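First up is the structure itself, then whatever we jot down about it.
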């Protein structure tokens, strides 16, 4: 199969003047690329977030999405930047945005860990040997998966809640971690998703490949595709997932149907391009 057309289901940068790194890279390599936003966002609990950021109680921050970083940016002060010196991030794109907002004042860690479970292991190893309880602030969405919170909360000693190797359990018992979660944004299916998808299919026909960047994004697209009669299965279109959780969401949903799904090993545009180029 020769891939020529690619439809990306992901949120585009809020700044219209900013290049989309995925669109640019794929276009530069000769692919016709279109991006459709499958979900929309609403920021919540901004006053509470501001109060927590002003506290001296936290060892560091955890970000697993760019949208959570944007929520913090809305209420962040210069004093907060100086106070929060240690920030753990999932993925290089989130890390780059944190770097832009915090500049050189913070130590940004974990960007290459590649997924929530690996990031949790990285954090636990990083704080190993710290005296007392390590308090971490985790701004997140109401639709966030429980992988990272479950892993970190088990660091307080309840090893029976894990399905992990012994070496990891031993490491967990060396440090007590308290994760303070705060919901800072909500996600809902995009109001224009069905229209945008219909328009794309009318103008360009079925894409050779579609990219999914989050479980909630895939769920929104799957439901919309069913309503308009766009079949994601039967191997007519290659499904490309970014991240283990997105891949699992696709496989769990479509497991009774024939489909062709390829997973990116890293959450980067270069890795997405590699997967596209590997499709035959």
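Can you work out which of the residues in the stretch 227-252 that are in contact (Cβ under 8 Å) with a residue 24 or more places away in the chain and more than 24 Å from residue 205 (Cα to Cα) is surrounded by the fewest Cβ atoms within 10 Å (Cβ to Cβ)? Working first, answer last.
Step one: filter the stretch 227-252 for residues in contact (Cβ under 8 Å) with a residue 24 or more places away in the chain, giving 227-228, 230, 232-246, 248-250.
Then keep just the ones that are more than 24 Å from residue 205 (Cα to Cα); that gives 243-246, 248-249.
Details: 243: 22, 244: 17, 245: 18, 246: 25, 248: 14, 249: 21.
Filtering the stretch 227-252 for residues that are in contact (Cβ under 8 Å) with a residue 24 or more places away in the chain and more than 24 Å from residue 205 (Cα to Cα), the one surrounded by the fewest Cβ atoms within 10 Å (Cβ to Cβ) comes out as 248.
Answer with yes or no whether residue 159 is on the phi < 0 side of the Ramachandran plot and modelled with pLDDT under 95.
Working: on the phi < 0 side of the Ramachandran plot: yes; modelled with pLDDT under 95: yes.
So residue 159 fits the description; yes.
Within the stretch 1-21, which residues are under 22 Å from residue 266 (Cα atoms) and at pLDDT below 95?
If the condition is that a residue be under 22 Å from residue 266 (Cα atoms) and at pLDDT below 95, then 3, 10, 11, 12, 13, 19, 20, 21 are the ones that fit.
Restricting to the stretch 238-265, name every residue that is within 15 Å of the chain's Cα centre (by Cα) and under 17 Å from residue 23 (Cα atoms).
240, 241, 242, 264
Residue-by-condition table, conditions (1) modelled with pLDDT under 95; (2) in the same structural domain as residue 128 (by TED's automatic domain parsing); (3) surrounded by fewer than 19 Cβ atoms within 10 Å (Cβ to Cβ):
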| residue | (1), (2), (3) |
| --- | --- |
| 175 | yes, yes, no |
| 179 | yes, yes, no |
| 184 | no, yes, no |
| 199 | no, no, yes |
| 202 | no, no, yes |
| 214 | yes, no, no |
| 217 | yes, no, no |
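I need a count of the residues in the stretch 32-42 that are at pLDDT 95 or above and in a strand (DSSP E or B).
Residues in the stretch 32-42 being at pLDDT 95 or above and in a strand (DSSP E or B): 5 in total.
With respect to residue 31, is the statement that it is in the same structural domain as residue 219 (by TED's automatic domain parsing) and in contact (Cβ under 8 Å) with a residue 12 or more places away in the chain true? Step through it out loud before you land on a result.
Numbers: in the same structural domain as residue 219 (by TED's automatic domain parsing): yes; in contact (Cβ under 8 Å) with a residue 12 or more places away in the chain: yes.
In short, yes.
Condition (residue is in contact with a helix residue (DSSP H, G or I) (Cβ under 9 Å, 6 or more places away or on another chain), closer than 26 Å to residue 191 by Cβ and buried (at least 19 other Cβ atoms within 10 Å of the Cβ)) applied to the stretch 258-275: is it met by at least one residue?
Restricting attention to the stretch 258-275, the residues satisfying the condition of being in contact with a helix residue (DSSP H, G or I) (Cβ under 9 Å, 6 or more places away or on another chain) are 259, 261-270, 272-273.
Of the ones still in play, those that are also closer than 26 Å to residue 191 by Cβ are none.
The answer is no, given that none of the residues of the stretch 258-275 is in contact with a helix residue (DSSP H, G or I) (Cβ under 9 Å, 6 or more places away or on another chain), closer than 26 Å to residue 191 by Cβ and buried (at least 19 other Cβ atoms within 10 Å of the Cβ).
Under 6 Å between Cβ atoms, which residue pairs at least 6 apart in sequence (or on different chains) link something in the stretch 52-73 that is surrounded by fewer than 18 Cβ atoms within 10 Å (Cβ to Cβ) with a partner that is assigned to a helix (DSSP H, G or I)?
What qualifies is 73/101.
Looking at the stretch 78-91, I want the residues that are at pLDDT below 85 and have a partner that is crowded, with 18+ Cβ neighbours inside 10 Å and not in a strand (DSSP E or B) with Cβ atoms under 6 Å, at least 6 apart or on another chain. Which pairs are those?
85/106; 91/267
Report the residue count in the stretch 253-280 for those that are in a loop (DSSP other than H, G, I, E, B) and closer than 30 Å to residue 89 by Cβ.
First pass over the stretch 253-280, keeping only residues in a loop (DSSP other than H, G, I, E, B): 255-259, 265-268, 279-280.
Going one step further and asking which of them are closer than 30 Å to residue 89 by Cβ, we end up with 265-268, 279.
Total satisfying the criteria: 5.
Are there any pairs, at least 6 apart or on different chains, whose C-beta atoms fall under 6 Å, with the first in the stretch 96-123 and in contact (Cβ under 8 Å) with a residue 60 or more places away in the chain and not assigned by TED's automatic domain parsing to the domain that holds residue 20 and the second part of a helix (DSSP H, G or I) and crowded, with 19+ Cβ neighbours inside 10 Å, and if so, which?
Going by the 6 Å Cβ cut-off, the qualifying pairs are 116/148.
State whether the residues of the stretch 116-127 include one that is under 13 Å from the mean Cα position of the chain (by Cα) and crowded, with 20+ Cβ neighbours inside 10 Å.
Within the stretch 116-127, one or more residues are under 13 Å from the mean Cα position of the chain (by Cα) and crowded, with 20+ Cβ neighbours inside 10 Å.
Would you confirm, using the coordinates I've provided, whether residue 141 is farther than 17 Å from residue 267 by Cα, crowded, with 18+ Cβ neighbours inside 10 Å and touching a helix residue (DSSP H, G or I) at 6+ places or on another chain (Cβ under 8 Å)?
Values: farther than 17 Å from residue 267 by Cα: yes; crowded, with 18+ Cβ neighbours inside 10 Å: yes; touching a helix residue (DSSP H, G or I) at 6+ places or on another chain (Cβ under 8 Å): yes.
When the stated conditions are applied, residue 141 passes them.
The values are calculated or read from the model by the stated rules, or taken from the named source; none is laboratory data. Owing to the predicted nature of the structure, the values given are computational and were not obtained by experimental measurement. Cβ atoms come from the backbone with ideal geometry, glycine included; neighbour counts cover every protein chain shown.
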